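Everything below concerns the one structure shown next.
The values are calculated or read from the model by the stated rules, or taken from the named source; none is laboratory data. Source: prediction; values computed, not measured. A quick note on method: Cβ atoms are made from the backbone with ideal geometry, for glycine too, and the neighbour counts reach across all protein chains shown. Accessible surface is based on the protein model in full, side chains and every heavy atom, while ligands, DNA and RNA are left aside. Shrake-Rupley method; radii C 1.70, N 1.55, O 1.52, S 1.80 Å.
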Amino acid sequence: MRTPIVRVESRAVVIERDDIDTDQIIPARFLKGVDRTGLGQALFADWRRNPDGSLRDELPLNRPEAAGCEILVTGRNFGCGSSREHAVWALAEAGFRVVVAASFGDIFRANALKNGLLPVEVSAEQLVELHRLLDDDPARPLTVDLLAGTLTAPGWDVVPFSIDAFSRRMLLEGTDELGHLLALEPAIKAYEARHPAPVTTTRPLGDRAGVS
Amino acid sequence: MPRTIVDKVWDEHLVERGEPGPDVLGIDLHLVHEVTSPQAFEGLRQRGLAVRRPDQTLATVDHSIPTSDRSLPILDDLAAAQVRRLEANCAEFGIPIHGLGSPRQGIVHVIGPELGLTQPGMTIVCGDSHTSTHGALGALAFGIGSTEVEHVLATQCLLQRRPRTFEVRIEGRLRAGVTAKDVILALLSRIGIGGGTGHVFEYTGSLIRSLGVEQRMTICNMSIEGGARAGMVAPDDTTFEYLAGRPHAPAGADWDEAVRRWRGLATDEGAVHDRSISLDVSNLGPMVTYGTNPGMGLEITGRVPEPDRLTEPAQRDAMRAALGYMDLQPGEPLLGHRIDVVFVGSCTNSRLSDLREAAHMIRGRNVAPGVRMLVVPGSSEVKRLAEAEGLDGVFRAAGAEWREAGCSMCIAMNGDELAPGQYAVSTSNRNFEGRQGRGGRTFLASPLTAVAAAVSGRLSDPRALLP
């Protein structure tokens with residue numbers, strides 16, 4: 001059971017860039033751990049810090065106002081590339097509960113939904129408007145209402161976003177999919193009976209013929 | 001109703017149709033490696049769950065392991081601990097593993113097909129986005145996150161929405177010096193890095209039919225670079241020839257029965273894909289990327305594009321940022337650009353046919369002074385076979401490093417990495433900022449183009465080196 005998401009009201013951190021890949025969200029050298037924790041400090045590590053380790057002040061994420069922000073507003077195709085769930089763990093540990101983008105990488109979106117991080121997809125035009133709005137007033141709070149399926153800000157439209165009913169329920173209840181899958185035991189047994197595994201063992205076998 | 005190959009494999013693996021939720025999909029083969037699995041095993045322990053089908057699960061080490069002398073201990077404590085953790089998890093949960101000492105250790109996407117575990121019509125997953133590689137044999141194979149790894153370990157099932165399908169028809173014949181890698185880079189430069197999001201690619205057309213299975217793997221491998229989680233090629237005689245006699249392939253009467261079944265997987269006449277694109281590659285030249293995503297590519301004879309010509313502000317900014325990171329000037333020719341490192345390897349281009357091509361071109365030539373060239377076989381078996389035909393000697397004689405199998409400089413977790421500012425020509429799949437080492441700059445290209453760069457120390461057209 002994790003904290004359910006119903007409504008998030010927060011100022012936003014903006015990274016106005018398309019195609020942010022998961023190697024940027026968390027570089028591979030931080031993937032040598034064996035836990036889901038300790039990754040928040042490595043979020044966008046190579047963008048946040050100079051090679052000497054000092055912070056790059058010009059990055060919005062590094063500004064004092066970014067502290068406590070729960071919403072990240074970015075560009076198109078956020079989270080493309082590597083399947084590393086570490087990208088989602090890092091965002092969540094850094095305090096983000098919502099990412100607003102014009103689209104998401106498929107694997108990132110699936111990973112986010114399983115960790116209580118809500119991917120909010122809006123049209124490219126709406127995103128341009130939102131960036132303009134936040135340019136004018138970076139302190140303007142955004143409200144994401146999962147129950148209503150809307151994103152709003154003072155002085156802006158109420159923008160509906162869509163999320164499939166199943167994922168929405170999981171997020172609202174804070175439940176996870178594994179419990180759902182485990183409850184399907186009879187169906188899985190029946191499937192296994194009608195669908196014999198094509199490969200009956202993965203244990204090492206001798207080569208039957210020379211392979212070239 | 002006529003069905004695509006994607007629909008056929010999907011329908012065959014439906015545990016339960018989810019209306020209106022996601023379907024429950026049965027998984028035939030689950031490949032596991034050291035980086036994305038420890039959290040999943042820990043999840044099982046916390047819930048007191050077993051691995052449901054260890055007989056359909058296989059582990060190996062590839063991402064964080066050194067590619068230097070295997071008789072020495074792993075110097076990186078974190079990587080060593082990760083490898084030990086995988087070994088312990090496999091022992092605890094009864095999962096077969098090809099560990100560091102195994103003659104069958106290698107990159108997950110190289111060993112699956114090599115062992116004959118990857119077969120047409122199967123569903124295959126792995127906590128790695130390049131699982132799309134296995135689609136070259138007609139499997140539906142895609143990358144998943146660690147939470148999904150846990151789901152598959154516990155139930156051998158996944159909750160998934162049926163993907164849309166995207167036919168990528170590739171016609172024509174390749175000219176000498178042009179390879180499957182150039183074809184996929186050309187496709188990506190057309191559709192962009194997000195062009196296939198939400199879809200599975202089915203590669204069709206005369207060019208695809210003319211390619212060997214290893215070349216098809218190079219293409220399917222980079223489907224994810226177009227945003228598609230999977231890419232598939234309908235199995236044909238080329239596929240069956242590749243599979244016959246592999247350790248885990250069916251044999252005897254089972255083989256005949258399997259081939260009969262596999263022949264039925266091809267997309268039916270009249271089946272409709274959600275999207276399609278057609279490419280003729282007859283006039284294609286060698287490709288190279290100039291930017292910081294794999295969709296930013298062009299023929300090596302081209303010039304660095306001018307961001308100012310792009311009309312969409314976001315795209316213009318993205319290209320400016322990319323050229324800034326790469327320190328390239330708009331309009332500058334790519335040919336002749338200096339390079340520091342050449343990497344031949346990765347799940348994209350590290351199989352025996354790739355190494356043969358590269359060795360054939362470098363034979364009798366030398367790596368240019370000041371250039372470091374690494375050749376990293378995709379698996380210990382590829383390494384053994386390459387050495388049996390003397391390819392290691394060819395690379396060494398040219399001045400290249402011949403290393404042990406692993407992901408190596410593709411992901412740069414294991415110490416094989418670029419120094420800040422260095423330029424690499426790499427046969428891998430991603431040129432993202434810092435991918436091959438912080439501050440490093442990557443030109444993605446084919447093994448032939450990589451060799452041409454290695455011997456000249458500059459981006460060069462491999463066609464000039466053809467006999």
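Can we say B:Val6 is under 21 Å from the mean Cα position of the chain (by Cα) and over 24 Å from B:Gly116 (Cβ atoms)?
Taking the combined requirement at face value, the residue does not satisfy it.
Quick one: in segment B:340-384, of everything that is among the basic types (Lys, Arg) and touching a residue at least 24 places away in the same chain (Cβ under 8 Å), which residue is surrounded by the most Cβ atoms within 10 Å (Cβ to Cβ)?
B:Arg351
So which residues in segment B:418-448 are surrounded by 24 or more Cβ atoms within 10 Å (Cβ to Cβ), at the interface with chain A (Cβ under 9 Å from one of its Cβ atoms) and farther than 23 Å from B:Glu299 by Cα?
Passing the criteria: only B:Gly434.
Within 30 Å of A:Gly81 (Cα to Cα), under 22 Å from the mean Cα position of the chain (by Cα), in a loop (DSSP other than H, G, I, E, B) and of a type outside the set (Phe, Trp, Tyr): is that true of B:Leu418 in this structure?
For B:Leu418, the condition - within 30 Å of A:Gly81 (Cα to Cα), under 22 Å from the mean Cα position of the chain (by Cα), in a loop (DSSP other than H, G, I, E, B) and of a type outside the set (Phe, Trp, Tyr) - is met.
Of B:Gly205, B:Gly245, which residue is closer than 17 Å to B:Asn283 by Cα, surrounded by fewer than 18 Cβ atoms within 10 Å (Cβ to Cβ) and either touching a residue at least 24 places away in the same chain (Cβ under 8 Å) or over 18 Å from the mean Cα position of the chain (by Cα) (or both)?
Checking each option against the conditions leaves just B:Gly205.
Please tell me if B:Arg396 is surrounded by fewer than 18 Cβ atoms within 10 Å (Cβ to Cβ), charged (D, E, K, R) and within 21 Å of the chain's Cα centre (by Cα).
Judged against the criteria, B:Arg396 is not a match.
Might you check whether a residue that is in contact with a Pro (Cβ under 8 Å, 6 or more places away or on another chain), on the phi < 0 side of the Ramachandran plot and within 7 Å of another protein chain (Cβ to nearest Cβ) occurs anywhere in segment B:94-116?
Checked segment B:94-116: at least one residue is in contact with a Pro (Cβ under 8 Å, 6 or more places away or on another chain), on the phi < 0 side of the Ramachandran plot and within 7 Å of another protein chain (Cβ to nearest Cβ).
Residue by residue through segment B:47-76, note down the ones that are within 12 Å of chain A (Cβ to nearest Cβ), closer than 25 Å to B:Ile124 by Cβ and either touching a Pro at 6+ places or on another chain (Cβ under 6 Å) or open to solvent by less than 40 Å² (accessible area, probe 1.4 Å) (or both).
Within segment B:47-76, B:Val51, B:Pro54, B:Gln56, B:Thr57, B:Leu58, B:Ala59, B:Thr60, B:His63, B:Ser64, B:Ile65 qualify.
For segment A:30-58, what are the residues that are within 20 Å of the chain's Cα centre (by Cα), over 23 Å from B:Ala80 (Cβ atoms) and hydrophobic (A, V, I, L, M, F, W, C)?
Matches in segment A:30-58: A:Leu43, A:Phe44, A:Trp47.
Tell me the residue from A:Asp135, A:Asp145 that is more than 10 Å from the chain's Cα centre (by Cα), more than 14 Å from chain B (Cβ to nearest Cβ) and either open to solvent by 10 Å² or more (accessible area, probe 1.4 Å) or more than 30 Å from B:Glu34 (Cβ to Cβ) (or both), please.
Of the residues listed, the single one that is more than 10 Å from the chain's Cα centre (by Cα), more than 14 Å from chain B (Cβ to nearest Cβ) and either open to solvent by 10 Å² or more (accessible area, probe 1.4 Å) or more than 30 Å from B:Glu34 (Cβ to Cβ) (or both) is A:Asp145.
Scanning for something open to solvent by less than 10 Å² (accessible area, probe 1.4 Å) and closer than 27 Å to B:Leu355 by Cβ, does segment B:144-166 turn up at least one residue?
Looking through segment B:144-166, none of the residues is open to solvent by less than 10 Å² (accessible area, probe 1.4 Å) and closer than 27 Å to B:Leu355 by Cβ.
Pull out all pairs, ordered by first then second residue, where Cβ-Cβ is under 7 Å, the residues are six or more apart or on different chains, the first lies in segment B:117-142 and is touching a residue at least 60 places away in the same chain (Cβ under 8 Å) and of a type in the set (Asp, Glu), and the second is buried (at least 24 other Cβ atoms within 10 Å of the Cβ) and in a helix (DSSP H, G or I).
Pairs found: B:Asp128/B:Val108.
Search segment A:75-97 for residues being more than 20 Å from B:Ser37 (Cβ to Cβ) and buried (at least 24 other Cβ atoms within 10 Å of the Cβ), and hand back the single one that is nearest to the other protein chains (Cβ to nearest Cβ).
Filtering segment A:75-97 for residues that are more than 20 Å from B:Ser37 (Cβ to Cβ) and buried (at least 24 other Cβ atoms within 10 Å of the Cβ), the one nearest to the other protein chains (Cβ to nearest Cβ) comes out as A:Asn77.
Does B:Ile124 meet the test of being open to solvent by 20 Å² or more (accessible area, probe 1.4 Å), touching a Ser or Thr at 6+ places or on another chain (Cβ under 7 Å) and more than 9 Å from every other protein chain (Cβ to nearest Cβ)?
no
Yes or no, residue by residue, for (1) farther than 30 Å from B:Asp461 by Cα; (2) modelled with pLDDT of 95 or more; (3) out of contact with any Pro (no Cβ under 6 Å at 6 or more places or on another chain):
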site: B:Arg173; (1), (2), (3): no, yes, yes
site: B:Leu187; (1), (2), (3): no, yes, yes
site: B:Arg190; (1), (2), (3): no, yes, yes
site: B:Gly231; (1), (2), (3): no, yes, yes
site: B:Glu241; (1), (2), (3): yes, yes, yes
site: B:Ala244; (1), (2), (3): yes, yes, yes
site: B:Gly252; (1), (2), (3): yes, yes, yes
site: B:Trp262; (1), (2), (3): yes, yes, no
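Condition (residue is exposed (fewer than 15 other Cβ atoms within 10 Å of the Cβ), touching a helix residue (DSSP H, G or I) at 6+ places or on another chain (Cβ under 9 Å) and hydroxyl-bearing (Ser, Thr, Tyr)) applied to segment B:248-268: is it met by at least one residue?
no
Taking segment A:158-204, which residues are open to solvent by 70 Å² or more (accessible area, probe 1.4 Å), more than 7 Å from chain B (Cβ to nearest Cβ) and either touching a residue at least 24 places away in the same chain (Cβ under 8 Å) or among the β-branched types (Val, Ile, Thr) (or both)?
Matches in segment A:158-204: A:Val158, A:Ser162, A:Glu173.
Could you please find all residues in segment B:358-393 being within 19 Å of the chain's Cα centre (by Cα) and within 30 Å of B:Ile97 (Cα to Cα)?
B:Leu374, B:Val375, B:Val376, B:Pro377, B:Gly378, B:Ser379, B:Ser380, B:Glu381, B:Val382, B:Lys383
Among the candidates B:Ile208, B:Ile170, B:Ile219, B:Ile184, which residue alone is touching a Phe, Trp or Tyr at 6+ places or on another chain (Cβ under 7 Å), assigned to a helix (DSSP H, G or I) and away from every other protein chain (no Cβ under 14 Å)?
None of the other options fit; the residue is B:Ile219.
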